[in-house]
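**Student:** Got a structure for you, written out below as structure tokens; questions coming shortly.
The values are calculated or read from the model by the stated rules, or taken from the named source; none is laboratory data. None of these values were measured; they are calculated from a predicted model. With ideal geometry, Cβ positions are generated from the backbone for all residues, glycine too; neighbour counts draw on all protein chains shown. Calculation scope for accessible area: heavy atoms of the full protein, side chains included, ligands and nucleic acids excluded. Shrake-Rupley method; radii C 1.70, N 1.55, O 1.52, S 1.80 Å.
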Amino acid sequence: MSTRELNLEQDNGTRIITRFNETSLTLETSGAITAEIPTQPTSSCFQGLFPSRSQGYSLLSEVPIRNVIAATFSNGVVRLAYLARKGENQSLHMTRVWGCVNDEDTMLAKEWCNAISQVAYQDGNPPKVLRVLINPHGGPGKARQIFTQKVEPILLAAGCTLEVTYTTRSGHASEIAQSLDLRYDALVVISGDGLIHEVMNGLAKHAQPDRAFSIPVAPIPAGSGNGLSLNVLGLRDGLDPCAAALNVLKGTPQMSEHAFISNAFFQRRISFMSQTIGLMADLDIETEHLRWMGDLRFIWGFLRGVWTLKTCKMELSMKVVEQDKSRMVDALRAHRTSAAKGVPPVLSSPDIAPSDAKHPDGPGSGDENWVKFDKPILWMVAGKGPYVSRSLMQFPVSHPDDGLIDISIQELVGRRFLLEAMDRAETGRSYWFNSTRYFKASAYRAKPLTPHGVLMVDGEAFPFEEFEIGVLPCRGTLLSSYPHYAVDFNVIDAEGTMRETV
């Protein structure tokens, strides 16, 4: 593993030794560095290659090579931008470092900047043209600040071209997506999951929907739940706007299926994440006025729901493919292993292979192999993607491209059980509860048996009327650093054995 080094010097005499290889960038300094970057060098210094660490130098920073945003040289000055953490459990922030070179070392500096850029971007990823949508009122209302202070500087440092729109009304993002210019490299959404729901449904109405859906959607967390960002980036980085901006630059396309939902209220609508009925839907809609709390509003809403403990009565029919929890964990391990090797997923049964996108396998295809569930329950949540919020991993064995919808049903239990179930809910612990019924289905339909209720689709509220759900095979595209959902699901199975899916 070769290492390339370059020594820089700032106006105050501080020297910075920069080293990089295929995995990391290291900077050592002889003193305090100056943050400001001059437009013209005011001093010159000796520059060159150093065979080993010099005495008297202290470690300034060491980061993964992937975190390097840009390395440029002009007018005798090397400018370096990268993302680093001030502490192990802290979020990323952008750091800029600069230093001068002598005229005789101009070629050396140019070669060094070119070499680290090629390694950091893996010989690809030229500056991107990005369409950016921002909902300034989503979640806690900090999307504008997140963009201008954290995300925009990173994207501009990487040389990206940005076309930015702040949404002003409900449906605005859907209108933009419906007429989206197909020249963009990615569609960056700075908000919560509600705006992404709008975008996906707008893309579905595009004059060229297949090409529109091939443009990757990259979420920047600025909402309450931020489920998609958590699924793409994982629990550590899923709420970090700088990590999400890095994913815009370095992520690779990941195909992702969507569900379609039909009822009397809307003929056909895309759902990219979840459909929720019962207590889990009530806690969402009843805490709308508490968006300033971020995802803590969901915990408050859940506690209120536990206190009232309303039952949900409906008739649920599912075209079930699998309901054995241990086998689903085994399938997840096999799927992730295959995905890491670039092998296409193998569906569990020929019966679940989705048909043509225009005629997906849905509830209208006949009643064979359908399972009816009509007992009173507390809630039903169905969808794709492990996380629905930071505090809840609802679908730990979900795949982005298996042609199936995961369905989790909570049977009637007492208040004490529900309160204890909150412990480690973000790890998917509730998956193994006997009172949690978990199914993988190629389609399902639900019919309310009470006159009142709400249906939440990707965090958006709709009247709870009889509806049908099917799967659109690999319709959407996301940007991700992983070939699968970025989820750590470490569980103890029925035999007491630790099972790791990563």
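**Student:** Tell me, yes or no, whether segment 340-360 has at least one residue that is modelled with pLDDT under 75 and touching a helix residue (DSSP H, G or I) at 6+ places or on another chain (Cβ under 6 Å).
**Tutor:** Yes: one or more hits.
**Student:** Hey, another quick one. Just checking, does segment 120-129 include any residue being in a strand (DSSP E or B) and farther than 21 Å from Glu152 by Cα?
**Tutor:** No, every residue in segment 120-129 fails to be in a strand (DSSP E or B) and farther than 21 Å from Glu152 by Cα.
**Student:** Give Ser229, Ser274 a once-over and let me know the one that is over 12 Å from the mean Cα position of the chain (by Cα), modelled with pLDDT of 85 or more and of a type in the set (Gly, Ala, Ser). If you could, list the steps in order and put the result at the bottom.
**Tutor:** Details: Ser229 fails: over 12 Å from the mean Cα position of the chain (by Cα).
Result of the check over Ser229, Ser274: Ser274.
**Student:** May I pose another question? Being part of a loop (DSSP other than H, G, I, E, B) and not aromatic (Phe, Trp, Tyr) is the filter here; which residues of segment 175-208 pass it?
**Tutor:** Answer for segment 175-208, where residues must be part of a loop (DSSP other than H, G, I, E, B) and not aromatic (Phe, Trp, Tyr): Ser179, Leu180, Asp181, Leu182, Arg183, Asp185, Gly192, Lys205, His206, Ala207, Gln208.
**Student:** Moving on. Across segment 289-303, what is the number of residues that are closer than 15 Å to Leu378 by Cβ, open to solvent by 60 Å² or more (accessible area, probe 1.4 Å) and in contact with a helix residue (DSSP H, G or I) (Cβ under 7 Å, 6 or more places away or on another chain)?
**Tutor:** Looking only at that region, the number is 0.
**Student:** Go over the candidates Ile154, Ile146 one by one and state the one that is at pLDDT 95 or above, open to solvent by less than 10 Å² (accessible area, probe 1.4 Å) and out of contact with any Lys or Arg (no Cβ under 7 Å at 6 or more places or on another chain). Give the steps one after another, and end with the answer.
**Tutor:** Details: Ile146 fails: open to solvent by less than 10 Å² (accessible area, probe 1.4 Å).
Unique residue meeting the criteria: Ile154.
**Student:** Would you confirm whether or not segment 62-69 contains a residue that is part of a loop (DSSP other than H, G, I, E, B), surrounded by 16 or more Cβ atoms within 10 Å (Cβ to Cβ) and among the hydrophobic types (A, V, I, L, M, F, W, C)?
**Tutor:** Within segment 62-69, the subset part of a loop (DSSP other than H, G, I, E, B) is none.
No, that holds for no residue.
**Student:** Which numbered condition trips up Ser229, out of (1) of a type in the set (Ser, Thr, Tyr); (2) surrounded by fewer than 23 Cβ atoms within 10 Å (Cβ to Cβ); (3) within 25 Å of Val68 (Cβ to Cβ)?
**Tutor:** It fails just one condition, (2).
Matching residues to (1) open to solvent by 20 Å² or more (accessible area, probe 1.4 Å); (2) modelled with pLDDT of 90 or more; (3) in contact with a strand residue (DSSP E or B) (Cβ under 9 Å, 6 or more places away or on another chain):
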residue	(1), (2), (3)
Ser74	yes, yes, no
Val77	no, yes, yes
Arg85	yes, yes, yes
Leu108	yes, yes, yes
Trp112	no, yes, yes
Gly124	yes, no, no
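**Student:** Now for a different question. Would a scan of segment 282-290 turn up a residue that is modelled with pLDDT under 80, of a type in the set (Ser, Thr, Tyr) and closer than 26 Å to Asp193 by Cα?
**Tutor:** Within segment 282-290 (the criterion being modelled with pLDDT under 80, of a type in the set (Ser, Thr, Tyr) and closer than 26 Å to Asp193 by Cα), the answer is yes, since at least one residue qualifies.
**Student:** Here's another thing I want to ask about it. Tell me which residues, restricted to segment 157-183, are open to solvent by less than 80 Å² (accessible area, probe 1.4 Å), modelled with pLDDT of 95 or more, farther than 24 Å from Ile69 by Cα and among the small types (Gly, Ala, Ser).
**Tutor:** Listed by number, the residues that qualify are Ala173, Ser174, Ala177.
**Student:** Follow-up question, since we're still on this one. Restricting to segment 435-465, name every residue that is over 18 Å from Thr311 (Cα atoms) and of a type outside the set (A, V, I, L, M).
**Tutor:** Tyr438, Phe439, Lys440, Ser442, Tyr444, Arg445, Asp458, Gly459, Glu460, Phe462
**Student:** Now for a separate question. Quick test of your reading of the structure: Ala222 fulfils all but one of (1) under 26 Å from Leu290 (Cα atoms); (2) of a type in the set (Gly, Ala, Ser); (3) touching a Leu at 6+ places or on another chain (Cβ under 8 Å). Name the failing condition by number.
**Tutor:** Tallying (1) under 26 Å from Leu290 (Cα atoms); (2) of a type in the set (Gly, Ala, Ser); (3) touching a Leu at 6+ places or on another chain (Cβ under 8 Å), Ala222 fails exactly one: (3).
**Student:** What pairs can you find where one residue is in segment 398-419 and in contact (Cβ under 8 Å) with a residue 24 or more places away in the chain, the other is in a helix (DSSP H, G or I) and of a type in the set (A, V, I, L, M), and their Cβ atoms are less than 6 Å apart, with a gap of 6+ or different chains?
**Tutor:** Gly403/Ile352; Arg415/Val306; Leu418/Val306
**Student:** Considering Arg445, Arg437, which residue is modelled with pLDDT of 90 or more, under 24 Å from Leu472 (Cβ atoms) and in contact with an Asp or Glu (Cβ under 7 Å, 6 or more places away or on another chain)? I'd like the intermediate steps shown before the answer.
**Tutor:** Numbers: Arg437 fails: under 24 Å from Leu472 (Cβ atoms).
Sole residue among the options that is modelled with pLDDT of 90 or more, under 24 Å from Leu472 (Cβ atoms) and in contact with an Asp or Glu (Cβ under 7 Å, 6 or more places away or on another chain): Arg445.
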